[in-house]
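Asks: After the structure tokens below, expect a handful of questions from me.
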């Protein structure tokens, strides 16, 4: 008992020192952004930049590129999450039910984007996107096709973890024997049981799409990060404020997610 | 046959947006501008500019992977001693999730605002009489990028490595201690060997992460293409020299080869780590 107490004390000192030191390194650039965006022309502090950022009228009039970028990224978030869920959830459930032999292949395909750097994907996607532009037009929203590929590994892992905790086969057979069709099974039986996994896959996708720059920039399309980068050449202070706001938004989304996942965390503890 | 129909949309989608682009890169690396087979693109990889970009990318990735792995592992261990489901753990893991993914443009700006020409640390140090060498160093591939990359490597290490340190059972430490072992003995003979495969595996993942990074460097470095991702990105915007249309694809293929090699070692190590930690 005494050994354990001494050990715990040592650990808590160690924890405090390490978290504080590394925390300082992480805080500095964030503080730098806050400090930079609150500088007043003659010295001193002002919140003018932040007031401008949240003044939709001014953004609309003076910074159209930022408005376009925000709109494009918002659309991309919705489309990417929707395509990802509509494609992955039925496929992964179906593979577990009817094609267990294909599980390895689906996993391999989903994890493949981890080994293909985004820049390489851009090189290969260029001709594919020439066709996309030919059939669907030049809209920035079609970047979603590439973004779905980027989020595949993270979404797959989240959904796979969720599917492992429920007995898909029994649930599906029970529903089928009660006369449910496959769409009903997916929508009203499987999906509600996967709520946590679906949310975590969706949130990870949101964070990834909000931060994406490489593909949009190289295909000369608009999204939030491209707009911020362009804006920095004209108004550094506003660009940095917008970047920080996006960062805080993504953090809030992920932090909220950590509470949604509580249910699964507690059941894991019971197992151990 | 009917069962296969269910997976058709998935495979159709991944064929168009994943398989075809990969094939375009692999095949294109061996074709000239008019579609005739050639090894000219691969020979172009031997240009000093390309070689030095590959070398710089590799060194940069190796250094930041090592730094990120060491500090990230320390942080992961520190966090793992905190209460599971507690606020500290939630805060650190969510924050790391954002910082590891978000990097890019935001990160470049953050560092410019901190240690750039007008950054507050630069001004503050100037006030104290310390000159950060004109702060040009932030825009140099080695010094600047190493600092900025480490900033997103540490959070990634935490995310990847935390499950491994969580697998360490407190009973092992207590057993070692009750047998008279010191803390050093515990790390040297028990925890160290158990964590080693996960640690090296995570470090390899960090290497590929830095190696593939484009956005941070693109936002930070406006002149020249010192690293390989910027050089490939440059083939999109700059004038294409006749006969070199597909050199970008050859460079991309080179990147894939290096990343695939590293990821294969990672997969082998991960299998071993899973066995030992009983995950």
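Asks: Suppose we filter A:157, A:169 for residues that are modelled with pLDDT under 90, part of a helix (DSSP H, G or I) and farther than 28 Å from residue B:96 by Cα; which single one remains? So that I can check it myself, show each step before the final result.
Replies: Details: A:157 fails: farther than 28 Å from residue B:96 by Cα.
None of the other options fit; the residue is A:169.
Asks: Also: Of the numbered conditions (1) within 30 Å of residue A:100 (Cα to Cα); (2) not in a helix (DSSP H, G or I), residue B:35 satisfies every one except a single condition; which is it?
Replies: (1)
Asks: Assess whether residue A:13 counts as being touching a residue at least 60 places away in the same chain (Cβ under 8 Å), more than 26 Å from the chain's Cα centre (by Cα) and either over 29 Å from residue B:115 (Cα atoms) or away from chain B (no Cβ under 13 Å) (or both).
Replies: Working: touching a residue at least 60 places away in the same chain (Cβ under 8 Å): no; more than 26 Å from the chain's Cα centre (by Cα): yes; either over 29 Å from residue B:115 (Cα atoms) or away from chain B (no Cβ under 13 Å) (or both): yes.
When the stated conditions are applied, residue A:13 does not pass them.
Asks: Let me ask something additional. For the range B:197-236, which residues satisfy the criterion of being more than 9 Å from every other protein chain (Cβ to nearest Cβ) and outside any helix (DSSP H, G or I)?
Replies: B:221, B:222, B:223, B:224, B:225, B:226, B:227
Asks: I need a count of the residues in the range B:1-17 that are more than 9 Å from chain A (Cβ to nearest Cβ) and either in a loop (DSSP other than H, G, I, E, B) or under 13 Å from residue A:83 (Cβ atoms) (or both). Outline the logic, then answer.
Replies: Taking the range B:1-17 and keeping what is more than 9 Å from chain A (Cβ to nearest Cβ), we get B:1, B:5, B:8, B:12, B:15.
From what is left, the residues that are either in a loop (DSSP other than H, G, I, E, B) or under 13 Å from residue A:83 (Cβ atoms) (or both) are B:1, B:12.
The total comes to 2.
Asks: Looking at residue B:45 and the list (1) crowded, with 23+ Cβ neighbours inside 10 Å; (2) under 27 Å from residue B:224 (Cα atoms), which single condition is not satisfied?
Replies: Residue B:45 satisfies all of (1) crowded, with 23+ Cβ neighbours inside 10 Å; (2) under 27 Å from residue B:224 (Cα atoms) except (1).
Asks: I would also like to ask the following. Would you mind stating whether residue A:112 is under 24 Å from the mean Cα position of the chain (by Cα) and assigned to a helix (DSSP H, G or I)?
Replies: Working: under 24 Å from the mean Cα position of the chain (by Cα): yes; assigned to a helix (DSSP H, G or I): yes.
Yes: the conditions hold for residue A:112.
Asks: Can you give me the number of residues within the range B:14-67 that are more than 23 Å from residue B:233 (Cβ to Cβ) and more than 27 Å from the chain's Cα centre (by Cα)?
Replies: Residues in the range B:14-67 being more than 23 Å from residue B:233 (Cβ to Cβ) and more than 27 Å from the chain's Cα centre (by Cα): 6 in total.
Asks: So the check is Cβ under 9 Å with 6+ separation or different chains; which pairs have a first residue in the range B:82-99 that's within 7 Å of chain A (Cβ to nearest Cβ) and on the phi > 0 side of the Ramachandran plot and a second one that's surrounded by fewer than 22 Cβ atoms within 10 Å (Cβ to Cβ) and part of a helix (DSSP H, G or I)?
Replies: Pairs found: B:85/A:262; B:85/A:265; B:85/A:266; B:85/A:269.
Asks: Can you confirm whether residue B:57 is surrounded by 22 or more Cβ atoms within 10 Å (Cβ to Cβ), modelled with pLDDT of 85 or more and in a helix (DSSP H, G or I)? Outline the logic, then answer.
Replies: Numbers: surrounded by 22 or more Cβ atoms within 10 Å (Cβ to Cβ): yes; modelled with pLDDT of 85 or more: yes; in a helix (DSSP H, G or I): yes.
Against the criterion (surrounded by 22 or more Cβ atoms within 10 Å (Cβ to Cβ), modelled with pLDDT of 85 or more and in a helix (DSSP H, G or I)), residue B:57 qualifies.
Asks: Among the residues that make up the range B:24-36, is at least one of them away from chain A (no Cβ under 11 Å) and within 21 Å of residue B:259 (Cα to Cα)? Steps first, answer last, please.
Replies: Step one: list which residues in the range B:24-36 are away from chain A (no Cβ under 11 Å), which gives B:30-36.
Of the ones still in play, those that are also within 21 Å of residue B:259 (Cα to Cα) are B:30.
Scanning the range B:24-36 turns up at least one residue that is away from chain A (no Cβ under 11 Å) and within 21 Å of residue B:259 (Cα to Cα).
Asks: Please indicate, with yes or no, whether at least one residue in the range A:77-87 is surrounded by 13 or more Cβ atoms within 10 Å (Cβ to Cβ) and farther than 18 Å from residue A:143 by Cα.
Replies: No; the residues of the range A:77-87 include none that is surrounded by 13 or more Cβ atoms within 10 Å (Cβ to Cβ) and farther than 18 Å from residue A:143 by Cα.
Asks: What are the pairs with Cβ atoms under 6 angstrom where one residue, in the range B:168-181, is over 16 Å from residue B:77 (Cα atoms) and the other, located anywhere, is in a helix (DSSP H, G or I)? Sequence gap at least six, or different chains.
Replies: B:176/B:186; B:176/B:190; B:177/A:3
Asks: Can you find a residue that is more than 9 Å from every other protein chain (Cβ to nearest Cβ), part of a helix (DSSP H, G or I), out of contact with any helix residue (DSSP H, G or I) (no Cβ under 6 Å at 6 or more places or on another chain) and over 24 Å from residue A:125 (Cα atoms) anywhere in the range A:220-233?
Replies: no
The values are calculated or read from the model by the stated rules, or taken from the named source; none is laboratory data. Computed from a predicted structure; not experimentally measured. FYI the Cβ positions are ideal-geometry reconstructions off the backbone, even for glycines, and counts take in every protein chain you see.
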